[in-house]
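Everything on this sheet refers to the single structure shown next.
The values are calculated or read from the model by the stated rules, or taken from the named source; none is laboratory data. In this text, all values refer to a predicted model and were calculated from it rather than measured experimentally. Here Cβ is always computed from backbone atoms with ideal geometry, including for glycine, and neighbour counts include all displayed protein chains. Just so you know, the surface numbers come from the protein's heavy atoms only, side chains and all, with ligands and any DNA or RNA stripped out. Shrake-Rupley method; radii C 1.70, N 1.55, O 1.52, S 1.80 Å.
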Amino acid sequence: MQVSSTLQNNIVSPTNYEPLNHNVGTSQQALSSTLAIAPNIKAWDYVDLGEDISAYTTISPKQEQTNQELINYLSTLMNDKTDEGRQNLKAYDLNQHNSLKSSLKIFKDFGEKVVAGKVEQLQSLPILPLTTYQIEHPYYVHGTNGEEIKNMSFDELYDFLGKDYFGKNTSKSQFKVYAERIGIFTVAFDERQKQFDYTLTGRSIKSLEQGIKDKDPNLTVHYLYELHETTPEAMDAMKMERFKNLYSFTDEFAKTDKFQQLYDTFLENREKNQEIETATKQRKNLVDVVGSERFFTSEVAGRDLSRAQVIEHYTTITEDLKALKIPPENTTYNDTVTKNLDDSIKLYEKITSDLKQMWHYGDVDMQG
């Protein structure tokens, strides 16, 4: 992965890096480090970096306890082996609301242009939320190389994925039931699918940033993370921070060239992850392949938040979802969009409430 120039400028690069000194014996330190990061090893994306990293890590038993309690709670609530757990997993996934978020932003931006007198009428908005067409074309396909196909009808989805997508001898009616449950599909496009005629308002909607801008220099690429627009540089920094937390690296070590070297090794090994390949080839969600515990171990360890920060995090998401549920003036949402938003709000409210009760919200100890 190419690290952004902005991020590179924030990394201190000493000529000779010496591992951090610890005032304990090497064997004791290695043992403590191994015990402390044991939960993180269960993360689906935790890989062997090829060397002893114990000298570069810092361990907070209190933080490890917080992480483990949160992992246990989330993986139980969203147990991928139960129907209820799978429904909760779907509600937990904020990516399902990204298209709505993008449409509302376009709606807002266009409205501001109307007010400013830069365009004449709002009716010419290129993408309006919840049109009849979108209601009849609810499916979305995301390619592993960045392709996007939005607003597909069931028949188009069926033709694109192929009748055997959900296994041999799957009837078309069964296929539709499965498709409605998933809604958004991540697919490694095969040669046939690469030739599929996917256009919207007369132009290809393949969303690879590189290349498409050469064809359409006016195209704006948006980066969304947890219902908020961000930048490629911020996404890079976030991914590197998650790596630091996953391996319990110290803040000081994260400023060194050695950290960057290990991060490159991590990215290289992650590209070879057999479970990602399995999920792609078998057209499954990652959590279906790795299981809820390993999925949430990665999520929780990568954030490494205190109890108070965890509750604040889920409270913010709940508030963002409630704000998203309010449609623009003179518009309405269809039942599917409303239900999906309601399901997510209900789940995040439950998570926040349960954690407050479990951690005795308001106590002095909440900061740990």
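Residues in segment 142-179 that are β-branched (V, I, T) and at pLDDT below 80 were compared, and the one that is farthest from T332 (Cα to Cα) is T144. You will find that of E229, E241, E268, E233, the residue that is touching a Leu at 6+ places or on another chain (Cβ under 9 Å) and open to solvent by 40 Å² or more (accessible area, probe 1.4 Å) is E233 and no other. Going by what's in this entry, would T318 be described as in a helix (DSSP H, G or I) and in the same structural domain as Y348 (by the TED database)? Answer is yes for this residue.
Taking the criterion of being modelled with pLDDT under 85, loosely packed, with under 13 Cβ neighbours inside 10 Å and within 25 Å of the chain's Cα centre (by Cα), no residue of segment 336-362 qualifies.
Selection of first residues in segment 29-50 that are at negative phi and open to solvent by 60 Å² or more (accessible area, probe 1.4 Å) and of second residues that are at pLDDT 70 or above and in a helix (DSSP H, G or I), restricted to Cβ pairs under 8 Å at least 6 apart or on distinct chains, gives the following pairs, ordered by first then second residue: T34/S54; K42/E293; K42/R294; K42/T297; D48/N269.
For segment 271-306, what are the residues that are over 30 Å from Y158 (Cβ atoms), modelled with pLDDT of 80 or more and assigned to a helix (DSSP H, G or I)? Listed by number, the residues that qualify are E293, R294, F296, T297, S298, E299, V300, A301, G302, R303. Answer yes or no: is there a residue in segment 239-254 that is outside any strand (DSSP E or B), modelled with pLDDT under 75 and of a type in the set (A, V, I, L, M). Checked against the condition, which is being outside any strand (DSSP E or B), modelled with pLDDT under 75 and of a type in the set (A, V, I, L, M), segment 239-254 yields no hits at all.
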